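Please treat every number below as a calculation from the coordinates, not as lab data. Quantities reported herein were computed from a predicted structural model and do not represent experimental measurements. Cβ: placed from backbone, ideal geometry, glycine included. Neighbour counts: every protein chain shown.
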Amino acid sequence: IFVNKLDRERADFQSTLDQLVSSFGTQVAPFELPIGQEHEFGGIADLLHEKADLYPSGPMAEESEWPDDIHAMADPAREKLMEAVAESDDALIEEYLEQGTLPEEHIVNGARAGFAAARLAPVLVGSASRAIGIDRLLDFIVEEFPSPLDRGPITVIGKGGETKERPCDPAGPTTAFVFKTVSDPFVGHVTMFRVFSGRVRPDSSISNATQNAEERLGQLFTQKGKEHESIAEVPAGDIGAVAKLQASHTGDTWSTKDDPVQLQPVELPEPLLAYAITPATKGDEDKLATGLARLREEDPSFHVARNEETHEMVIYGMGEAHLDVQMSRLKAKFGVDVHHTPAKIAFRETVRGKAAAQGRHVKQTGGHGQYAICNIELEPLPRGEGFVYEDKITGGAIPQQFIPSIEKGVVKTMAEGVISGNPMVDIKVTLVDGKFHTVDSSDMAFQIAGSLALKEAVEKAGVVLLEPIVQLSVVVPESFTGDIMGDLNAKRGKIQGMEQIGGGKQRINALVPQAEVARYVIDLRSMTGGRGAFAMTFSHYEEMPSHLASKVIEEYQRSREEAHKR
């Protein structure tokens, strides 16, 4: 854990450490302490080696002994560090209890064993903006953390679906994971990968087990910022990159052709925020589509979809910052500036009561006219039943070939909506009577009659709006439970229950209208200081309160009027 920004005003390392221990337990152990507070922060006390690194001017550290005024804090902190390291190993705790201390070599070795077994979480300090502690962080990772070769075997899935273990061995069969793909302006499509077993060499072929395709690898390289350094091979435990592959995407597994295996798929989080976007410049639609497709390839947690109901291009991400970055990349890499608005909610229309109506489409002109009359009965269906069309015509009042035409007109009007532009659902339409003309009746005439009949029946039956309800699961520290429940109640939510999940956290389950939590990722971060998490899934549709439905209908009518003016 790297505690950053300790040079900022009101930065309090001890308070942050107390919160970390409260959240994650005593396995959290500081290996460093800051020397100086806020704007006077200018050095780091190394508790492991009892040294200090001072940064008087710039990122280059000067090693020295602990300053005299740091001992009062550093001495007890080093004692606690020894205790934490000892508690992660039975032999060390016995030695510590007998001797009352541990030699530095035993602390170092014990800490490394604790890191490898995930029993110890080191806390380091610094300020990235002033490059204080960054050199120490990198050195600590290299020197103290376990080598990839020290990790246990990974689980892979064979061609027949069987699972087996594969050790991290450079001499083993090649198994690699594509963890990122990016578009580079100089070399094109770049694929970054990590090798878990075997070796990957340049100018060779490799099997993409996920896509069932062969890839021809060219030059291999590592990336250091914007620079590429060619390498002779990438052994197990290392990462590398290669350009201009055709079939490989983020999340794919490479293996050998005679032993095609796949790594366990990565479970991606569900997106939490949606924006509707349009190109700022007319005519950039194709460039926008190309750019979005590229960004989607590079980042599987970024989703793009065309909402056919609202006629919007919608992007989905993990939060405001995620989507802002993607829109900035659209402009920087693909030259497409976009406008964004909150994505529209997919409401539904239905009817509250029963009604009967006649659809009459009769136009007699000098030549071939149009003639279609149909009588229908309309009634609501239970929620989720969809649409039922029943033909009760008797005596040939309407010829059989025009019965489906009336249904087409009804279905078309249902798709467009009657009062809000949202689809109509959960209704039954029964065709009971009608009239036709042997010459002037046609498929289109009866479609129009069916549409007119439905609109009149809906007006009589009383139309209502349905809104989507989501199942929301919120996890927060217990101290925020009251605030979260109050907020969910204010959002018209129905609390279903709470449960303690350990670590001082509570899970709150609720059913909430989607319109109220469209920006919940922002609301939750504001209420909890970024310490909350949530997931939501669609549950069902429910009737919307009339005063809120009126606002949706008024907004739709206003947008139609503005569109007609244009």
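Which order do 511, 268 fall in if you start with the one that has the fewest other Cβ atoms within 10 Å? Don't skip to the answer; put the middle values down first.
Working: 511 17, 268 14.
Exposure proxy ranking, most exposed first: 268, 511.
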Residues of type aspartates and glutamates that residue 363 reaches as a straight line, Cα spacing below 15 Å, ignoring anything fewer than 8 places off in the same chain: 440, 443
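Once the piece of chain linking residue 22 and residue 358 is laid out straight, how much longer is it, given 0.36 nm per residue of separation minus the C-alpha distance between them? Could you put the intermediate results ahead of the total?
Working: separation 336, 0.36 × 336 = 120.96 nm, distance 6.99 nm.
In short, 114.0 nm is gained.
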Cα pair distances in the stretch 418-523, grouped into 5 Å bins until the bin that holds the longest one, percent each: 2, 9, 16, 13, 9, 8, 7, 7, 7, 6, 5, 4, 3, 2, 1, 0
Coordinate range along principal axes, alpha carbons of the stretch 349-461, Å, largest first: 45, 30, 20
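Express in % the proportion of alpha carbon pairs of the stretch 1-79 at distances exceeding 18 Å.
On the way: 1305 of 3081 pairs.
When every Cα pair of the stretch 1-79 is considered, 42 percent fall beyond 18 Å.
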Per-pair calculated FRET efficiency, R0 = 30 Å: residue 187 and residue 142 via Cβ, rounded to 0.05: 0.60
Bins of 5 Å from zero: percent of alpha-carbon pairs in the stretch 456-498: 5, 16, 22, 16, 9, 7, 9, 7, 5, 4, 1
Proxy reagent accessibility, fewest Cβ within 10 Å first, across 168, 374: 168, 374
Sequence-distant aspartates and glutamates (8 or more away, or on other chains) whose Cα lies within less than 14 Å of residue 282: 337
Bins of 10 Å, starting at 0 and running to the largest distance - Cα pair percent for the stretch 466-546: 19, 55, 22, 4, 0
Relative contact order of the stretch 2-144, defined on C-alpha pairs under 8 angstrom at six or more residues apart (%): 29
Principal axis dimensions, largest first and in whole angstrom, of the stretch 135-259 by Cα: 47, 36, 22
Span per principal axis, largest first, for the Cα atoms of the chain (Å): 107, 59, 48
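So what is the relative contact order for the chain, in percent, with contacts set as C-alpha pairs under 8 Å and at least six apart? All intermediate terms of the calculation are to be shown ahead of the outcome.
On the way: 1143 pairs, mean separation 49.7, N = 566.
Computed over the chain, the figure is 9 percent.
When the expected Rg is taken as 2.2 N^0.38 Å, what fraction or multiple of it is the alpha-carbon Rg of the stretch 234-360?
Working: Rg = 21.1 Å, N = 127, 2.2 N^0.38 = 13.9 Å.
After normalising by residue count via 2.2 N^0.38 Å, the value is 1.52.
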Positive-end residue, the chain charge dipole about Cα centroid, Cβ charges, pick of 124, 458, 182: 458
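Cross-link list 5/80; 180/287; 5/331; 408/435: which exceed 20 angstrom alpha carbon to alpha carbon?
Working: 5/80 24 Å; 180/287 23 Å; 5/331 30 Å; 408/435 17 Å.
Too far apart for the 20 Å limit: 5/80; 180/287; 5/331.
Give the range of the longest stretch in the chain that excludes all GluC sites (Glu not before Pro) found in loop regions by DSSP and having at most 13 other beta-carbon atoms within 10 Å.
Working: sites that count: 9, 50, 65, 162, 267, 308, 385.
In the chain, the maximal stretch lacking such sites is 386-566.
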On Cα atoms only, tilt of 320-334 relative to the major axis of the chain in degrees: 80
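Once the piece of chain linking residue 494 and residue 533 is laid out straight, how much longer is it, given 0.36 nm per residue of separation minus the C-alpha distance between them?
Values: separation 39, 0.36 × 39 = 14.04 nm, distance 1.86 nm.
Roughly 12.2 nm would be gained on extension.
If N is the number of residues in the stretch 273-341, what value comes out of its Cα radius of gyration divided by 2.2 N^0.38 Å? Display every interim value, and only then the final one.
Details: Rg = 10.9 Å, N = 69, 2.2 N^0.38 = 11.0 Å.
Cα Rg divided by the expected 2.2 N^0.38 Å: 0.99.
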Against the rule of thumb 2.2 N^0.38 Å, how large the Cα Rg of the stretch 2-144 comes out: 1.03
